[in-house]
Amino acid sequence: MPMDKVIRWKLNEVMARSRVRNKDLAEVLGITENSVYRLRKVDEMPRLTPERLNGICIALNCQPGELLEYVPDDSKESSIVNVVS
């Protein structure tokens, strides 16, 4: 039972709030600005190594939970409840 778009990735919002540029985060993470751009523009959490997530949190002075938001999908949530019940 796949879960689509239930966890929203908020890197773009956190970077904007912290006023961190792609270039700055790229330097800290040791990746290209284009890679940071792609990380910012996705809505779903990308696959990250623990080291990469740690680097993002250090650079943005944030907790991993600030980068994620749970967005309930009522149709899928009700089907999970039916399976569990």
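A short reminder: the numbers here are calculations on the coordinates, not readings from a lab. Note that the coordinates shown come from a computational prediction; the quantities given were computed from them, not determined experimentally. With ideal geometry, Cβ positions are generated from the backbone for all residues, glycine too; neighbour counts draw on all protein chains shown.
Principal axes first, then extents: for the Cα atoms of region 7-84, list largest minus smallest coordinate on each axis, whole Å, largest first.
47, 23, 21
I want to check the label-to-label distance for Ile58 and Arg21. Put each point 7 Å from Cα in the C-beta direction and report it in nm to one decimal.
That separation, rounded to one decimal, is 2.2 nm.
Express the relative contact order of region 7-84 as a whole percentage, based on alpha carbon pairs under 8 Å and six or more residues apart in sequence.
Relative contact order here is 44 percent.
Ordered by residue, what ³J(HN,Hα) values in Hz, to whole numbers, does region 11-27 give under the Karplus form 6.51 cos²θ - 1.76 cosθ + 1.60, where θ = phi - 60° and Gly and Pro are x?
Listing the rounded values in order: 4, 4, 5, 5, 5, 5, 5, 7, 6, 9, 8, 3, 4, 5, 5, 4, 5 Hz.
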